[in-house]
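Step one of this worksheet: look at the structure below.
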Amino acid sequence: MFSGRDDLEAASAGLAPDAEELVTAEALEWADMIFVMEKVHRARLQRRFAPHIRHARIVCLDIPDRYEFMDEALVRRLETAVSPLLRRRG
């Protein structure tokens, strides 16, 4: 997804109880940038994990959370939204 950026490490986790990988305080402390799809996700993170995300930048992508896992349309939207932010960072 982010070709040419060997200096990046990424992880994925969810807030829903049925998420394959749940968000943890440790994962949030590890991250320096956190992407969420909707504003409600950012609010939940801030409410549940405030002490663990003080150092991280949280970016809301404003993508409705209505896609299936690895949906091709979602992957394209994520690449379009996230790639410019990561290029600026590097």
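Ile63 to Ala13: extension gain in nm, 0.36 nm per residue of separation minus the Cα-Cα distance?
Length difference between fully extended and current span is 16.4 nm.
Kindly report the accessible area of the chain per residue (heavy atoms of protein chains, probe 1.4 Å, no ligands, DNA or RNA), in Å².
I get 73 Å² per residue for this part.
State the percentage of accessible surface on the chain attributable to carbon and sulfur atoms; use a 1.4 Å probe and exclude ligands, DNA and RNA.
49
Size of the chain along its principal axes in angstrom, Cα-based, largest extent first?
That works out to 33, 29, 21 Å along the principal axes.
Suppose we flag trypsin sites (Lys or Arg not before Pro) only when DSSP calls them loop and at most 14 other Cβ atoms lie within 10 Å. Which is the longest uninterrupted stretch of the chain?
Answer from the scan: 6-53.
Using a 1.4 Å probe on the protein heavy atoms only, what accessible surface does Leu22 show? Give it in Å² to the nearest 10.
That residue has around 80 Å² of solvent-accessible surface.
At most 14 other Cβ atoms within 10 Å plus a DSSP loop assignment makes a site exposed; report the longest stretch of the chain without any exposed GluC sites (Glu not before Pro).
22-67
The values are calculated or read from the model by the stated rules, or taken from the named source; none is laboratory data. These figures come from a predicted structure and were not determined experimentally. Cβ coordinates were reconstructed from backbone atoms using ideal geometry, including for glycine residues, and neighbour counts include every protein chain displayed. Keep in mind that these areas ignore ligands, DNA and RNA; they rest on the heavy atoms of the full protein, side chains included. Shrake-Rupley method; radii C 1.70, N 1.55, O 1.52, S 1.80 Å.
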